[in-house]
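For reference, the structure is listed below as structure tokens.
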Amino acid sequence: FLTYNTNFTFEQCNVDVPRTLAELCTELQVDNMIHVSSLAANPDSKSEWARTKYAGEMAVREAYPWATVVRPAQLFGPEDKFLNWFANVAGRYPVVPLIDGGHALTQPVYMADVAHTIARIVDEPDKYEGKTVDCFGEKDYSYRELAQFVYDITGQEPVVADVPKSVAESAARVLQYQGQPSFTPDLVNLWSEDYVPPMTQEEYDAQVGSDKILTMKDFGIAATPMEKVAFNFLHRFRSGGHFQLVEGYQGAVSAQSGHSGKLFADDPGSGRL
């Protein structure tokens, strides 16, 4: 008898609402429209979210052919649901699961870079009518590499386990009923597939013709390295905070906690303390 109520389905959020907005833009003769989709949008994905993001793109294109479609990779930044996911799950569950060993690839992009790209489109909307803009980071990572990266910053030492997808799905069917669930069946499907751009940057650059897919590079925006900014919003997960590791008046606390008490301030962007 256990049921779970949601306000809206993926179909409603990702297809019906964008289609309605696009139809209204056409009816009211709105000059420009920007639709934010995803690099994961794929009609053949096992993830319902990814399938409906693709269907939403098609619906918008049909109702408002001049729309500019922005397709970002997974976003990272303060309060994201991506890097913060690893840190939150480490404190919430006894085990952090890596689906099928965490070997699927993703190429995350800094949220501010995507925002700046959209701002450039807003500045010259007519120039980008009907265009598709892919936004992605400078390099790809496996989910295993991301877990190691996050825990290197936070100092957390969770049990990280390789979990077959079938087992992860079974667990997610139960855990999805938690408030603000961190683990759902659709997340398992999404994170078991590569979440990367369809081409390399060089292949994007080599495109010719009016149907060329643009990237942040076409707007003069360089991808911000994850290593440069992640420490700023992940250090809050450190036990006792990062001041605990600074040599000086906190030295006694550092010694008690087993840390060296040294701060490698010469490389603030590395995320290594």
- Which label in (i) 21.1, 69; (ii) 20.3, 66; (iii) 19.0, 60 gives the computed Rg and Dmax of the Cα atoms in Å: (i)
- Task: Straight distance only, please: which lysines reach the Cα of residue 131 with their own Cα at less than 29 Å, same-chain residues fewer than 8 apart left out?
- Result: 46, 53, 81, 139, 212, 217
- Determine Rg/Rh for segment 33-172; Rg is computed over alpha-carbon atoms and Rh is the Kirkwood hydrodynamic estimate from the same atoms. 1.04
- Task: Return, for the Cα atoms of segment 118-203, the radius of gyration and Dmax in Å, separated by a comma.
- Result: 18.3, 51
- Query: For segment 39-74 and segment 90-138, what is the separation of their Cα centres, given in Å?
  - Reply: 14 Å
- Item | Unit charges on C-beta of K, R, D, E only; dipole of the chain, Debye | 860 debye
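How long is the gain from residue 145 to residue 227 if the chain were fully straight, where each residue apart is worth 0.36 nm and the alpha carbon distance is subtracted?
In short, 28.3 nm is gained.
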- Message: What three numbers, in Å, describe the spread of the alpha carbons of segment 1-102 along their principal axes, ordered from the longest?
- Response: 54, 38, 27
- segment 43-148, dipole about Cα centre (Lys/Arg Cβ +1, Asp/Glu Cβ -1), debye to the nearest 20: 280 debye
- Task: Compute the accessible area per residue over the chain, keeping the other protein chains in place, probe 1.4 Å, unit Å².
- Result: 54 Å²
- Near the amide H of residue 130, under 5 Å away, which other amide H atoms are found, from residues 5 or more places off or on another chain, if H is placed in the peptide plane? 67, 68
- Message: With an 8 Å Cα cut-off and a minimum separation of 6 or more residues, compute the relative contact order for segment 43-162 in percent.
- Response: 37 percent
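Could you work out the local net charge near residue 43, counting Lys and Arg as +1, Asp and Glu as -1, over the other residues with Cβ closer than 15 Å to its Cβ? Write out the running numbers ahead of the final one.
Details: positive: 46, 51, 53, 61, 71; negative: 11, 44, 48, 57, 62, 193.
For residues surrounding residue 43, the net value is -1.
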- So the angle from the long Cα axis of helix 17-27 to the longest Cα principal axis of the chain, reported in degrees to the nearest 10, equals 30 degrees
- Expressed as a whole percentage, what fraction of the accessible surface of the chain belongs to carbon and sulfur atoms when a 1.4 Å probe is rolled over the protein heavy atoms? 53 percent
- Helix 48-63 versus the longest principal axis of the chain: what is the Cα-based angle in degrees, 0 to 90, to the nearest 10? 30 degrees
- Message: With a cut-off of 8 Å between alpha carbons and a minimum separation of six or more residues, what is the relative contact order of the chain in percent?
- Response: 20 percent
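When the convex hull of the C-alpha atoms of segment 91-150 is computed, what volume per residue in Å³ does it have?
Given the Cα convex hull of segment 91-150, per-residue volume reads 130 Å³.
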- Query: What residue among 105, 164, 225 has its Cα farthest toward the positive end of the dipole of the chain, where the charges are +1 on Lys, Arg and -1 on Asp, Glu, each on the Cβ?
  - Reply: 164
- Sorted peptide list for 98-109, 192-203, criterion being average Cβ within 10 angstrom, highest first: 98-109, 192-203
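The values are calculated or read from the model by the stated rules, or taken from the named source; none is laboratory data. What you are looking at is a predicted structure, and each value in this text was computed from that prediction instead of being measured. Methodologically, a virtual Cβ is constructed for each residue, glycine included, from the backbone with ideal geometry; neighbour enumeration extends over all protein chains shown. Accessible surface areas use protein heavy atoms only, side chains included; no ligands, DNA or RNA. Shrake-Rupley method; radii C 1.70, N 1.55, O 1.52, S 1.80 Å.
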